[in-house]
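In what follows, a single structure is set out as structure tokens and then discussed.
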Amino acid sequence: MTGILDKQLEPIVAKVESGQRLSLSDGLALYASRDIFTIGRLADHVRRVRHGRVAWYIANRHINYTNVCVLRCKFCGFCRKPNSEAADAYVLAADQVVEQAALGYADGATEVHIVGGLHPTLPFAYYREIISRIRTICPRMAIKAFTAVEIVHFSRISKPRRSIEQVLAELKECGLDCMPGGGAEIFDDRVQAEAFPYKVGEHDWFAVHRAAHDLGIPTNATMLYGHIETSAQRLGHLVKLREHQDESLQRGKGVFNCMVPLSFVPADNTDWADLPGPSGLDDLKTLAICRLMLDNFSHIKAFWPIQTIKLAQVALGWGVDDFDGTVVWYDITKREGQGTHQHLGTEQLRRLICEAGYEPLERDCFYNAVERSGTQWSLAGR
Ligand code: V47
């Protein structure tokens, strides 16, 4: 690569070009550098080697079954206290969850993404029921559900109490296909004590993902960045994910399908309402650094309700290969002016990807190419 303005980046560029793994201190040098265009071009180089000009997108539907949560995470504007008087606290009945999934299925969604708060009284039977009924009514739709934090909660509230492995095995038996990456936040004790002291930390998060991978359930990974954490803490987080992925790849069952960096969105009703979120440049740099550090992850996702549509478009040139998704309804974060209805049609997604200079390719939950005609779809070549 020519035209590197920051000479400190030259050895890092050489390492990436020769396929060598970057160290945590290489990551720190990338964060410290103001030569963001070299970082972007380098991440784009790695992305092109893996995916050419293809940008994946998915027809999916999110369902957030409750915003009632026993946790109090500083960044979270979604949760409502148990027994809260808040008019907008809600719990969807199993029928409502299944109905929303069925609407998505009829509309051609290939994946449903189900997560919610840690509700104090919903029994484990509720979660089993929604997965089993969706499996029966929507046989071809992938069910991606429950973060590691919810899985630990289910293990604690189930009667008789179940281990993490038992919870996952039962949910898999009911029809769970895949798990999202939420709840990871930042793997650092100091940040956890300050920002999410009551949530499970890295030990349990990894224990759940290890157990899922051993059962052949693929999962995603996330990092919530741009609040109180340092660059070194972000990089520590990425290195831990990379090490876990090495182990999972070696065991040869389930792995992390993709990395979803989540840009902190200050939310009105929280302690952190006045904390500034990361700048657009920090977003791009972080997405690029995820691509460069996570050399054993196939996919880096821009989730547009969090990254914004325009940044997700630009991010396709900064290491991102996955522009997720049709979404339809999302309650966890709301950027200015957005309500819970957060929807892009598949034609809009294709247009946005083309406008950014990439080739749109629809995928299913497992990154198989999808051929679509309206609401009808099949896997390419099958
Ligand atoms: O775990 C909460 C984050 C996550 C805020 O796996 C916030 O494909 C920014 O994990 N600002 C849930 N982020 C969402 C999530 C996710 C989303 C899309 C796709 C996938 C996937 C996973 O949202 C939480 C937390 O880290 N979050 N509050 C906030 N104010």
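Values quoted throughout were computed directly from the atomic coordinates according to the rules given, and no laboratory measurement underlies them. All values reported here derive from a predicted model rather than from experimental measurement. All Cβ positions, glycine included, derive from the backbone under ideal geometry; neighbour counts span all protein chains shown.
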So which trypsin sites (Lys or Arg not before Pro) in the stretch 120-167 pass both tests, a DSSP loop state and at most 14 other Cβ atoms within 10 Å of the Cβ? Arg140, Arg161
Give, in nm to one decimal, the length gained when the segment between Glu10 and Glu165 is fully stretched (0.36 nm per residue of separation minus the Cα-Cα distance). 51.2 nm
Only sites in a loop by DSSP and with at most 14 other Cβ atoms within 10 Å count here; which trypsin sites (Lys or Arg not before Pro) in the stretch 1-41 make the cut? Arg21, Arg34
What size of dipole, in debye to the nearest 20, comes out for the chain about its Cα centre when the only charges are +1 on Lys and Arg C-beta atoms and -1 on Asp and Glu C-beta atoms? 520 debye
Among the listed pairs Lys240/Lys285; Lys285/Lys334; Lys15/Lys199; Lys144/Lys310; Lys144/Lys240, give every one whose C-alpha distance is greater than 28 Å. Lys15/Lys199
Find out how many positive minus negative residues lie around Asp189, taking Lys and Arg as positive, Asp and Glu as negative, among other residues whose Cβ is under 14 Å from that of Asp189. -3
Cα gyration tensor of the stretch 54-365, axes a ≥ b ≥ c as square roots of the eigenvalues: rounded (a/c below 1.5), prolate (a/b > b/c) or oblate? rounded
Based on the alpha-carbon gyration tensor of the stretch 308-373 and its eigenvalue square roots a ≥ b ≥ c, which shape applies: rounded if a/c is under 1.5, prolate if not and a/b is larger than b/c, or oblate? oblate
Sparse-neighbour loop sites [trypsin sites (Lys or Arg not before Pro); the stretch 215-289; at most 15 other C-beta within 10 Å; DSSP]: Lys253
Using the Cβ atoms and a cut-off under 12 Å, what net charge is assigned to the surroundings of Phe124, where Lys and Arg are +1 and Asp and Glu are -1? +2
Stretched out fully, how many nm does the piece from Thr340 to Gln376 gain, at 0.36 nm a residue minus the Cα gap? 10.3 nm
Counting other beta carbons within 10 Å of each Cβ, put Ser378, Ser158 in order, fewest first. Ser378, Ser158
Tilt of helix 164-174 relative to the longest C-alpha principal axis of the chain, in degrees (0 to 90, nearest 10)? 70 degrees
Net charge over other residues, Cβ less than 11 angstrom from the Cβ of Glu173 (K, R count +1; D, E count -1): +2
Net lengthening on full extension, Glu359/Leu275 (0.36 nm per residue, minus Cα-Cα): 26.6 nm
The aspartates and glutamates whose Cα lies under 18 Å from the Cα of Lys7, excluding any fewer than 8 residues away in the same chain, are Glu17, Asp26, Asp35
